[in-house]
1. Would it be correct to say that LYS176 is of a type outside the set (A, V, I, L, M), open to solvent by 60 Å² or more (accessible area, probe 1.4 Å) and in contact (Cβ under 8 Å) with a residue 60 or more places away in the chain?
2. Any idea which of ILE131, ILE217, ILE121, ILE208 is among the aliphatic types (A, V, I, L, M) and at pLDDT below 90?
3. Could you tell me which of the residues TYR129, TYR140, TYR154 is open to solvent by 80 Å² or more (accessible area, probe 1.4 Å) and either closer than 30 Å to SER77 by Cα or not β-branched (Val, Ile, Thr) (or both)?
4. Given the condition outside any strand (DSSP E or B) and surrounded by 14 or more Cβ atoms within 10 Å (Cβ to Cβ), answer yes or no: does some residue in region 165-173 qualify?
5. Of the residues LEU196, LEU182, LEU223, only one is under 23 Å from SER134 (Cα atoms), free of Cβ contacts under 8 Å to residues at least 60 places away in the same chain and either surrounded by fewer than 18 Cβ atoms within 10 Å (Cβ to Cβ) or within 17 Å of the chain's Cα centre (by Cα) (or both); which?
6. Give me the pairs: first residue in region 113-139 and more than 17 Å from GLU89 (Cβ to Cβ), second residue crowded, with 17+ Cβ neighbours inside 10 Å and of a type in the set (Phe, Trp, Tyr), beta-carbon distance under 6 Å, and six or more apart or on different chains, which are they?
7. Name every residue in region 215-235 that is over 12 Å from PRO202 (Cβ atoms) and among the aliphatic types (A, V, I, L, M), in order of residue number.
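The values are calculated or read from the model by the stated rules, or taken from the named source; none is laboratory data. Keep in mind that what you see is a predicted model, and the values were worked out from it rather than measured. As a convention, Cβ positions derive from the backbone with ideal geometry for all residues, glycine included, and neighbour counts pool all protein chains shown. Remember, those area values only see protein heavy atoms, side chains included, never the ligands or the DNA or RNA. Shrake-Rupley method; radii C 1.70, N 1.55, O 1.52, S 1.80 Å.
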Amino acid sequence: QKEEAKWAAIMAEEQAERKHSARRFSAGISVTGAGTASSSERQLTNAIMGANPLESNVNYADWVDGGFRNGESLVVSFRYGFNEKLGIESGLTYTLLNSTFTTAAGTANGNTTGKQTLHYIGIPLNVTYNIIGSKLFNVYASAGGAMEKAVGGYFETTGHVDGKRSETNRNSLKPKELQWSLNASAGAQVNVLNQLGLYVEPGISYRIPSGSHVRSIYTDKKLDFSIGFGIRFNF
């Protein structure tokens with residue numbers, strides 16, 4: 001009976017600790033990377049990216065080999081647990097999108113290379129659910145959406161003739177449309193200290209078409225997989 005009472009006390013303490021931890025505020029910092037959208041197929045230059053390719057002395061009949069690469073996202077998140085299982089999470093994200101391409105300039109001895117960079121700031125809003133929770137280890141899932149706004153960017157093209165670099169043109173670029181997305185993820189966290197955890201969080205997102213004329217991975221790859229690594233502080 002004494003052993004049963006002892007274990008009952010331990011389990012009660014553990015459960016109370018989980019409930020207390022679930023109600024805490026927590027703040028996380030993570031870096032998230034996604035895949036690459038690219039194509040080896042030749043496309044018409046009037047379909048590429050956001051700037052006018054005619055400024056680089058190419059025309060709609062020229063071909064382009066392009067690559068759309070999603071750079072890393074820096075995520076600062078804040079979470080509040082309503083109870084042992086359910087919580088809500090929001091924060092701020094910064095994402096850098098990079099794209100590159102090469103065109104044929106209509107002659108046998110010339111081509112044009114280009115680079116596009118876009119900066120996005122976003123606000124996510126997710127509902128979180130704790131699947132497994134303990135002092136040392138947590139498994140959770142989350143789902144929700146995000147709104148992102150482009151805050152700057154540029155489009156740069158450089159001409160090459162006979163292998164030599166010629167004129168470079170650079171134009172500022174800033175899509176006006178808001179980018180909305182839906183997302184879901186699952187995460188696992190190891191609590192190295194009572195108030196500090198390390199976590200990994202793979203996820204999937206679907207970007208709702210915004211109607212933007214600026215082509216990027218956001219327009220070419222609506223469904224995207226990502227994985228994030230970070231640290232989380234409990235208060």
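1. Judged against the criteria, LYS176 is not a match.
2. Answer to the selection: ILE217.
3. Of TYR129, TYR140, TYR154, the one residue that is open to solvent by 80 Å² or more (accessible area, probe 1.4 Å) and either closer than 30 Å to SER77 by Cα or not β-branched (Val, Ile, Thr) (or both) is TYR129.
4. Taking every residue of region 165-173 in turn, at least one turns out to be outside any strand (DSSP E or B) and surrounded by 14 or more Cβ atoms within 10 Å (Cβ to Cβ).
5. LEU196
6. GLY114/PHE101; GLN116/PHE155
7. ILE217, LEU223, ILE231
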